[in-house]
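First up is the structure itself, then whatever we jot down about it.
The values are calculated or read from the model by the stated rules, or taken from the named source; none is laboratory data. Only a predicted model underlies this, so the values are computations on that prediction, with no experimental measurement involved. Note: ideal-geometry Cβ built from the backbone for every residue, glycine included; neighbour counts use all protein chains shown. All accessible areas refer to the heavy atoms of the entire protein, side chains included, with ligands and DNA or RNA removed. Shrake-Rupley method; radii C 1.70, N 1.55, O 1.52, S 1.80 Å.
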Amino acid sequence: MNSQRAAWCFVAPALLVISVFFFLPVLAALIMSLTDFDIYALADLRNLRFVGLRNYIQLLQTPLFWQALGNTLYFVVVGVPLSIAASLGAALLLHSRLTWFKGLFRTAFFAPVVTSLVAVAVIWRYLLHTRYGMINYGLQELGIPAIDWLNDPQWAMPAIILFAVWKNFGYNMIIFLAGLQSIPEDLYEAAGLDGAGTWQQFRFVTWPMLGPTLLMVSILSMTGYFQLFAEPYVMTQGGPVQSTVSVLYFMYEQGFKWWNLGAASAVAFVLFAIMFGVTLLQLRFAKGGEV
Amino acid sequence: MKPRALLLNGLMLVAGLLTLFPLLWMLSSSLMTPGESSAFPLQVLPKSPTLFNYRELFSHAGIGQYLLNSVLLSCAATVLSLLFNVSAGYAFAKLRFQGRERIFKVMLGALVIPSQVAMLPLFLLLKYMGLVNTYGAVLVPAMAGIFGIFLVRQYALTIPDALLEAARMDGASEFQIFRIIVLPLLTPILVTLGIFTFLGTWNDFMWPLIVLTDKELYTLPVALASLSREHVQDNELMMAGSVLTVLPVLLLFLGLQRYYIQGLLVGSVKG
């Protein structure tokens, strides 16, 4: 009995904090998304009304929301595979028996991950500058005309994707590296004896053995990429012509710029539902692949 | 030497340089005189390196205050997160109490909820508590977290039960056991959780942007984002600001890499 009480002394503080500052707000967000919580309700709670699903219905009729959703999907659908390919490539290089200075390169590849997103977004905004950015300078040296990266609606999102891949690939690389190290060496030896070349060893040993790692990495990356916010906030302010407004950016503006907290909560839940749905699909897809 | 080894090492060198280039360029141009980095033809190294931009940041942009804010907040968040998560993580691993498995399962399930869902009501809650626009509001989400508890629990599971039983036989109280036996054994994961929290708080942007309105309270990333809107053209100055924001955490990571990567691997095997 006494040990029960001691155990509760250990967990209660953390559980209390998480309940009050996480679980309670999540529940409140669900309720709030069904109300017209706006700046008037912020001033006086008596102005609050229950509106049912009106926020959600209105959201579906808001063109900017669809644009934000489209932009975010573009970022996820192009960004996640690119990021995973870069991570896997770097991990394979670091894992190879033929490469030198592995510790040094591992640290170099990982460095962008620990940097502050705002600081490196500032750097990239400068690297991508139309006239004196290093990237255009390099392109022009190669005879390619300069691109107005962040001011051209066609190029703004690709530029942000490029930046995000650079910033994030080191994280998944570490996970892939651990996955590669756990593949038993004799599988490669057996494949080698059967006459499999490098590509065939990758195709028939490495790739299938990495399956679970790949699934985890793609779920983690995808949920991370759906939360796009600071990059457009710092680099483009959602522009040009709203081509980089993400769902979270839209939520931030609805909530903390226009104080439409009810509508913003609905946005948060729609985003959550989409992320949850895509994760379930990935899991189902992975299971189907195994059977 | 074999051509394949040459090819692979060459590839790695190119990838490494491409990865580090933005950071090296940031450092180099932060030491240039104003306007030098946008002069043609572009040069990679400063003609005569100067600390002018750093002096400007401290004397005119008041970056010393933001640096101090970031240091204080990150340290406070680290201490708080250790206090709350370590005891809870240990209890979930080693102590028996009613509903332990059920509560833990609910928490693991809640890991799929993105923190932004809680953001709007949390803001209101803190507003009614009078905490908005104070350091308290920044610290609240960092205090205790499901991920931190999970991290500590995974590590604490490796502590042998016999060790704890022996101490109980000797008449030690649960708190004595925790302090004298468990905490020293958990040191590596304490360091890991500490770095995670410190880096997380230092680099966090969206939440401090929402809850802090007074300039004097800004953390480095929030200050840098607002500075960069005012000083769009002052590249060298902004690069110096980026160096000050990036360098401390980069050094911390370089010093404690092993712990960071260990935590990353434990943390990614959830589910």
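Quote to one decimal, in nm, the extra length available between B:Arg102 and B:Asp161 on full extension: 0.36 nm per residue of separation minus the C-alpha distance between them.
Answer, rounded to one decimal: 19.1 nm.
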Here the averaged projected area of the protein assembly as shown, based on the convex hull of its alpha-carbon atoms and given in nm², is 30.9
PRE zone check, label point 7 Å out along Cα-to-Cβ of A:Arg203, amide N under 14 Å, scope the range A:151-195, hits A:195
Mean residue ellipticity (222 nm) of chain A, computed from DSSP H runs ≥ 4 via -39,500 (n - 2.57), nearest 500:
-22500 deg cm²/dmol
Return the single residue from A:Ala190, A:Ala146, A:Ala264 with maximal mean-square fluctuation; model: Gaussian network over chain A, springs between Cα atoms under 10 Å.
A:Ala190
Taking every pair of distinct Cα atoms and averaging 1/r, then inverting, what Kirkwood hydrodynamic radius in Å comes out for chain A?
22.4
When the dipole is taken about the Cα centre of chain A, and only Lys, Arg (+1) and Asp, Glu (-1) are charged at their Cβ, what size is it in debye, to the nearest 20?
440
Sorted by chain and number, the residues with a modelled amide H under 5 Å from that of B:Phe205, at a separation of 5 or more or across chains, are none
At a 1.4 Å probe radius, carbon and sulfur cover how many percent of the accessible area of chain A?
66
Descending accessible area (1.4 Å probe), largest on the left, turns B:Met206, A:Met209 into A:Met209, B:Met206
What is the calculated FRET efficiency for A:Leu139 to B:Leu111, with r their C-beta to C-beta distance and R₀ = 35 Å, to the nearest 0.05?
0.25
XL table A:Lys102/B:Lys47; A:Lys257/B:Lys105; A:Lys287/B:Lys105; A:Lys102/A:Lys167; A:Lys102/A:Lys287; Cα-Cα > 31 Å flagged, in table order, is A:Lys102/B:Lys47; A:Lys257/B:Lys105; A:Lys102/A:Lys287
Taking 8 Å as the Cα distance limit and 6 or more residues as the minimum spacing, I'd like the relative contact order of chain B as a percentage.
31
On the full set of protein chains, 1.4 Å probe, figure out the accessible area of A:His129 and give it in Å² to the nearest 10.
60
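In square angstrom and rounded to 100, what buried accessible area do you get between chains B and A, total over both, with the probe at 1.4 Å?
Answer for the B-A pair: about 8200 Å² buried.
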Note on the range B:81-217: contact order normalised by length, alpha-carbon pairs under 8 Å, 6 or more apart, percent, works out to 42
Measuring from label point to label point, each 7 Å out along Cα→Cβ, what is the A:Phe285 to A:Ala196 span in nm?
2.4
Would you mind listing how long chain B runs along its three principal axes, going by Cα atoms, in whole Å with the largest first?
76, 66, 33
Note down the nm distance, to one decimal, between modelled labels 7 Å out along Cα→Cβ at B:Ser173 and at A:Ile183.
5.5
Per residue, in Å², the accessible surface of the range B:52-154 once ligands and nucleic acids are set aside, probe 1.4 Å:
41
Measuring from centroid to centroid over Cα atoms, what is the spacing of the range B:232-252 and the range B:64-108 in Å?
30
Once every DSSP H run of n ≥ 4 in chain B is given -39500 (n - 2.57) and the sum is divided by its residues, what mean residue ellipticity at 222 nm do you get, rounded to the nearest 500 deg cm²/dmol?
-23500 deg cm²/dmol
For B:Ile180 and B:Leu7, FRET efficiency with R0 = 56 Å and r from the beta-carbon atoms, rounded to 0.05?
0.50
On a C-alpha basis, how far is the centre of the range A:271-288 from the centre of the range B:162-192 in Å? Whole number, if you could?
41
Rounded to the nearest 10 Å², what accessible area does A:Ile39 have for a 1.4 Å probe in the complete protein model?
80
Taking H placed 1.01 Å from N in the peptide plane, check which residues at least 5 places from A:Thr35 or on another chain put their amide H under 5 Å from its amide H.
A:Val51
Rounded to the nearest 20 debye, what is the charge dipole size of the protein assembly as shown about its Cα centre when +1 sits on each Lys and Arg Cβ and -1 on each Asp and Glu Cβ?
840
Specify which residue in the list B:Gly130, B:Gln98, A:Thr115 is farthest towards the positive end of the charge dipole of the protein assembly as shown, using unit charges on the beta carbon of Lys, Arg (+1) and Asp, Glu (-1), about the Cα centre.
B:Gln98
Using a simple charge model, +1 on the beta-carbon of Lys and Arg, -1 on the beta-carbon of Asp and Glu, nothing else, what dipole does the range B:81-217 show about its Cα centre, in debye to the nearest 20?
300
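For a distance above 22 Å, tell me the whole-number percent of Cα pairs in the range B:81-217 that qualify.
Of all Cα-Cα distances in the range B:81-217, 49 percent exceed 22 Å.
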Per-residue average of other protein chain Cβ atoms inside 10 Å, peptide B:251-260 -> 2
Can you run phi through the Karplus equation (6.51, -1.76, 1.60; θ = phi - 60°) for the range A:146-161 and list ³J(HN,Hα) in whole Hz, with x for Gly and Pro?
4, 10, 8, 2, 8, 10, 10, x, 6, 9, 4, 5, x, 5, 5, 5
Give me the percent relative contact order of chain A, please, defined on Cα pairs under 8 angstrom at least 6 residues apart.
28
Ignoring ligands, DNA and RNA, please state the percent of accessible area on chain B from carbon and sulfur, probe 1.4 Å.
69
Any idea how far the Cα center of the range A:1-42 sits from the one of the range A:89-120, in Å?
39
What distance in nm lies between label points placed 7 Å from Cα along the C-beta direction at A:Tyr40 and B:Ser59?
5.4
